[in-house]
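Accompanying notes for the structure given below.
The values are calculated or read from the model by the stated rules, or taken from the named source; none is laboratory data. Since the model is a prediction, treat every value here as computed from it, not as a measurement. Cβ: placed from backbone, ideal geometry, glycine included. Neighbour counts: every protein chain shown.
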Amino acid sequence: MNKETLLKLIILFSFLGILVSAYLVYLHYRPFDSSNPAICDFNNLFNCSTVNQSPYSTLFSIPVSLFGVLSFFVVITLSFILLKNNMRFRKLLLLILIFNMVFSLYLLLILIFMIKAVCIFCLILDTIILLSLIIYLFYLKMNIQDPINEREKSIEDALKRQKRKKIKNWSIFGVIILIILALIIVKVVNNANYIDPGTPKPILGNPDAKVILIEFGDLQCPACSLSHPEVKQIIKDYSDKIKYEFHHFPLVNIHKYAYKASQAAECANDQGKFYEYIDIAYSNQKSLSTNSLKKYALSLNLDTISFNNCLDSGAKKDEINRDLNEALSLRLKGTPTFLVNGKEVQRQIGLSLYESLQKVIESELK
């Protein structure tokens, strides 16, 4: 296999990378609809939608997959230049491929440790990036093994160059390993800032009730805020007959503060103020920045040092992701969604939300 073929393989892989990345960009901007899942949504573990719903799917408010499209385009452009025997950009292409590999490993760690779900197309992109780097290293090796040109005085000079190249390659992989270890250490240190006590999900009403009402809500969702008073009233009126739980379903593609607000509510839960925090978040939906979330904790007389450590460390991400995965597995279409004994409650025409819930609850109580 000659050098030109190797470059053509890189171009082919990169073109495939553009197609896969473009599809992921489409998934990111496509309105979430559980009745029409992505072709890569297989189960709770292998689920592209879970990854695309996570806050890690963007960088500077731009989809990470869009950066992938641009990166693969640059690789194709530089590969075509090298095919024309213009060697000026040889090192630049190597640096870009190495950067892509390092960033790909970083995202893989995010999938494993933070999101705890796998995007099949993301793994395909990781494979494309790895193969492209390996192929390009072979390309560089073939350049070294080419006949020694007139400027090289002896075979010994060529061997020295080859040895230096090997040292350089090993150094590159060493740097990659160090970066991976550094990322792992950063995760451990961040989590060490707050020890999660594992506070159970709080309930309202009768914990032994045979009727269980579960709400999947988004703290930045206007419809959730509007329905909140009716939900509180139904809980009050049936306090001894139903068990109520709030589950998080932050729609991060359209509500960029919802995921962090959900974490804040769980941090408040560690201090026994979950539903009080939910009330404040719904009342202040236009101001859910991190600083605002911390101010609300102060207004509830929470231990703000503990609360801020909890929020900043991301200690509650796993808990939010569990609720999010549950919502996706149930193929819920949006927020708010209410389940009574596992069955979704549809708001009936001509009835308020309170009346719709009341009708189903009364039926289950018989």
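Annotations
- Top-ranked residue in region 197-221 [being touching a Ser or Thr at 6+ places or on another chain (Cβ under 9 Å) and charged (D, E, K, R); ranked as surrounded by the most Cβ atoms within 10 Å (Cβ to Cβ)]: D218
- Taking residues in region 18-44 that are at pLDDT 80 or above, and partners anywhere that are in a loop (DSSP other than H, G, I, E, B), the pairs with Cβ atoms closer than 8 Å and at least 6 places apart or on different chains are L24/C119; L27/A38; C40/C119.
- Which listed residue, of L97, L92, is of a type in the set (A, V, I, L, M), touching a Leu at 6+ places or on another chain (Cβ under 8 Å), assigned by TED's automatic domain parsing to the domain that holds S14 and farther than 16 Å from G68 by Cβ: L92
- Identity of the residue in region 241-298, closer than 22 Å to N325 by Cα and of a type in the set (V, I, T), that ends up modelled with the highest pLDDT: I278
- Single residue of region 222-244 satisfying the filter (of a type in the set (A, V, I, L, M, F, W, C) and in contact with a Leu (Cβ under 7 Å, 6 or more places away or on another chain)) that is surrounded by the fewest Cβ atoms within 10 Å (Cβ to Cβ): I235
- Filtering S329, S306, S292, S313 for residues that are without any contact (Cβ under 8 Å) to a residue 40 or more places away in the chain and either small (G, A, S) or in contact with an Asp or Glu (Cβ under 7 Å, 6 or more places away or on another chain) (or both) leaves a single hit, S292.
- Counting the residues of region 278-296 that are closer than 16 Å to C221 by Cβ, of a type outside the set (A, V, I, L, M, F, W, C) and in a helix (DSSP H, G or I) gives 3.
- Matching residues, region 248-265, being more than 23 Å from S306 (Cα to Cα) and touching a strand residue (DSSP E or B) at 6+ places or on another chain (Cβ under 7 Å): F249
- Test: residue in region 201-208 that is over 27 Å from I115 (Cβ atoms) and part of a helix (DSSP H, G or I): no
- Qualifying residue in region 347-356 (condition: loosely packed, with under 15 Cβ neighbours inside 10 Å, modelled with pLDDT under 95 and hydrophobic (A, V, I, L, M, F, W, C)): yes
- Selected residue (only one of F72, F113, F67, F99 is in contact with a Gly (Cβ under 8 Å, 6 or more places away or on another chain) and in a helix (DSSP H, G or I)): F72
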